[in-house]
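The values are calculated or read from the model by the stated rules, or taken from the named source; none is laboratory data. From a predicted model like this one, the values you see are computed outputs, not experimental measurements. All Cβ positions, glycine included, derive from the backbone under ideal geometry; neighbour counts span all protein chains shown.
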Amino acid sequence: MQVKFDSDMKVFAQIGDPLEHSCTSYIHNSMYALGNVNAVNFNVVIKKGELPQFVEAAKVMHLSGFGITMPHKTDIIPLLDECDEFSRIFNSVNHVKIENGRLIGKGMDGLGMRMAIEQAGISLQGKRILILGAGSVTGPIAAELCKRGVSAVTILNRTIDKAKIIADILRENFPALKTAFGAMTAEEMEHAAPQSDLVVQCTSLGMDGSCHDFESLHFVSLLPVDAAVADVIFLPRKTKLLLEAERLGHKVINGMGMLCNQQKAMMKFFLDVELPDSFYDDAEEALMIATAMREARHYRIERNGR
């Protein structure tokens, strides 16, 4: 629908610093139109340390909520009145709604990935999961998968201590879960692969613009024949990891699925609106358009020398 810019219009912000890379406002506005909601979202650059002032301003302006990117995903938590349990545990909130002056926070990275995996027809009940990387999205993703009844989670990461912390938290909150952790080396991946029904790649390896990728993908050939491989990266559409998994006959899910499904979750969280089953095509199109717009802006900045 067309935004009416009247007193019934719901106003949302996307905050962070920097926001030059952010596609979120465009995508959210596209989803509002799809859901026939009288709402608008706009970018606001909020620097480190300015979050408390923004929160007070948001209440004064009667914002309906805001999305969060770096560097505020952790800093927002002490300012919340209510927070999703695992978002608090893993210190990662990227959506806040404001209801009657109260701030309610939730992280949706994990939810988006879980929805993408299930959208691909994969049941998580009883599955053994191999997670590569222990960055900010790993804990939320692992927790969402555990909620669906996975039986075992192995986390491999360059820094073993980070993998151990996440594994310990999961074991504490899901007592029946089998957990393991280790270094993300070719040897460890090859050791874990035969006992893994699903691999979830949570690092930046293979991302467009990165000069780093997996040194060896031999572990993919050791996965069970019906195993699936998911990647948080959406550019390129298929990383070398996904291309190799697909070549070997495995079902693959790229980061586009995680990002698009977050939009469905966002609409439910912010506005209690259930998007139609056809939402995915619209969300994917909006994300691709927003990405192209971002690249055009970067090109203009470089061309103009600023």
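If Glu85 satisfies every condition in (1) of a type in the set (Asp, Glu); (2) under 28 Å from Phe174 (Cβ atoms); (3) in contact with a strand residue (DSSP E or B) (Cβ under 9 Å, 6 or more places away or on another chain) but one, which is the exception?
Going through the list (1) of a type in the set (Asp, Glu); (2) under 28 Å from Phe174 (Cβ atoms); (3) in contact with a strand residue (DSSP E or B) (Cβ under 9 Å, 6 or more places away or on another chain), Glu85 breaks only (3).
So that you can scan it fast, the table gives a plain yes or no per residue for (1) out of contact with any helix residue (DSSP H, G or I) (no Cβ under 6 Å at 6 or more places or on another chain); (2) at pLDDT below 95; (3) not assigned by TED's automatic domain parsing to the domain that holds His21:
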{"position": "Met189", "(1), (2), (3)": "no, no, yes"}
{"position": "Gln195", "(1), (2), (3)": "yes, no, yes"}
{"position": "Cys202", "(1), (2), (3)": "no, no, yes"}
{"position": "Gly209", "(1), (2), (3)": "yes, yes, yes"}
{"position": "Phe219", "(1), (2), (3)": "no, no, yes"}
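Taking the stated definitions as given, is Asn41 surrounded by 14 or more Cβ atoms within 10 Å (Cβ to Cβ), of a type in the set (S, T, N, Q), touching a Ser or Thr at 6+ places or on another chain (Cβ under 7 Å) and in contact (Cβ under 8 Å) with a residue 12 or more places away in the chain? If you could, list the steps in order and put the result at the bottom.
Working: surrounded by 14 or more Cβ atoms within 10 Å (Cβ to Cβ): yes; of a type in the set (S, T, N, Q): yes; touching a Ser or Thr at 6+ places or on another chain (Cβ under 7 Å): yes; in contact (Cβ under 8 Å) with a residue 12 or more places away in the chain: yes.
In short, yes.
Which numbered condition in (1) at pLDDT 95 or above; (2) surrounded by fewer than 20 Cβ atoms within 10 Å (Cβ to Cβ); (3) not assigned by TED's automatic domain parsing to the domain that holds Ile141 is the only one that Met70 fails?
Just one mismatch for Met70, condition (1).
Could you tell me whether any residue of region 172-188 is over 27 Å from Glu85 (Cα atoms) and touching a strand residue (DSSP E or B) at 6+ places or on another chain (Cβ under 6 Å)?
First pass over region 172-188, keeping only residues over 27 Å from Glu85 (Cα atoms): 183-188.
Still in the list and also touching a strand residue (DSSP E or B) at 6+ places or on another chain (Cβ under 6 Å): 184, 188.
Checked against the condition, which is being over 27 Å from Glu85 (Cα atoms) and touching a strand residue (DSSP E or B) at 6+ places or on another chain (Cβ under 6 Å), region 172-188 yields at least one hit.
Tell me, please, whether a residue that is in the same structural domain as Ser204 (by TED's automatic domain parsing), among the acidic types (Asp, Glu), farther than 22 Å from Asp84 by Cα and free of Cβ contacts under 8 Å to residues at least 60 places away in the same chain can be found in region 261-279.
No, region 261-279 contains no residue that is in the same structural domain as Ser204 (by TED's automatic domain parsing), among the acidic types (Asp, Glu), farther than 22 Å from Asp84 by Cα and free of Cβ contacts under 8 Å to residues at least 60 places away in the same chain.
Arg237 fails exactly one of the following numbered conditions: (1) buried (at least 18 other Cβ atoms within 10 Å of the Cβ); (2) more than 24 Å from Ser123 (Cβ to Cβ); (3) of a type outside the set (Asp, Glu). What is the number of that condition?
In the conditions (1) buried (at least 18 other Cβ atoms within 10 Å of the Cβ); (2) more than 24 Å from Ser123 (Cβ to Cβ); (3) of a type outside the set (Asp, Glu), Arg237 misses (1) alone.
Could you please let me know if Thr239 is within 26 Å of Met108 (Cα to Cα), within 16 Å of the chain's Cα centre (by Cα) and among the β-branched types (Val, Ile, Thr)?
Values: within 26 Å of Met108 (Cα to Cα): yes; within 16 Å of the chain's Cα centre (by Cα): no; among the β-branched types (Val, Ile, Thr): yes.
The answer is no for Thr239.
In region 55-82, how many residues are in contact (Cβ under 8 Å) with a residue 40 or more places away in the chain and more than 30 Å from Asp277 (Cα to Cα)?
To start, the set of residues in region 55-82 that are in contact (Cβ under 8 Å) with a residue 40 or more places away in the chain comprises 55, 58-59, 61-73.
Of the ones still in play, those that are also more than 30 Å from Asp277 (Cα to Cα) are 55, 58-59, 61-62, 70-72.
Qualifying residue count for the region: 8.
Please enumerate the residues belonging to region 34-70 that are hydrophobic (A, V, I, L, M, F, W, C) and in a helix (DSSP H, G or I).
Leu34, Leu51, Phe54, Val55, Ala57, Ala58, Val60
Check Glu215 against each of (1) in contact with a helix residue (DSSP H, G or I) (Cβ under 6 Å, 6 or more places away or on another chain); (2) without any contact (Cβ under 8 Å) to a residue 40 or more places away in the chain; (3) of a type in the set (Asp, Glu) and name the one condition it does not meet.
Failed condition: (1).
Say we look at region 84-119 and pick out the residues that are assigned to a loop (DSSP other than H, G, I, E, B) and among the aliphatic types (A, V, I, L, M); which of these is farthest from Lys268 (Cα to Cα)? Show your work before the answer.
Initially, region 84-119 is screened for residues assigned to a loop (DSSP other than H, G, I, E, B), giving 84, 90-94, 100-101, 107-108.
Narrowing further to those that are among the aliphatic types (A, V, I, L, M): 93, 108.
On the way: Val93: 16, Met108: 12 Å.
Filtering first and then ranking leaves Val93.
What is the residue count in region 75-99 for residues that are under 15 Å from the mean Cα position of the chain (by Cα) and surrounded by fewer than 20 Cβ atoms within 10 Å (Cβ to Cβ)?
Total meeting the criteria: 1.
For the subset of region 9-33 comprising residues that are of a type in the set (A, V, I, L, M) and surrounded by fewer than 19 Cβ atoms within 10 Å (Cβ to Cβ), which member is modelled with the lowest pLDDT? Step through it out loud before you land on a result.
Here is the first cut: in region 9-33, the ones of a type in the set (A, V, I, L, M) are 9, 11, 13, 15, 19, 27, 31, 33.
Within this subset, residues satisfying the condition of being surrounded by fewer than 19 Cβ atoms within 10 Å (Cβ to Cβ) are 9, 11, 19, 33.
Details: Met9: 94, Val11: 97, Leu19: 87, Ala33: 94.
Going through the qualifying residues, I end up with Leu19.
Identify the residue in region 135-152 that is aliphatic (A, V, I, L, M) and more than 19 Å from the chain's Cα centre (by Cα) and, among all such residues, is surrounded by the most Cβ atoms within 10 Å (Cβ to Cβ).
Val150
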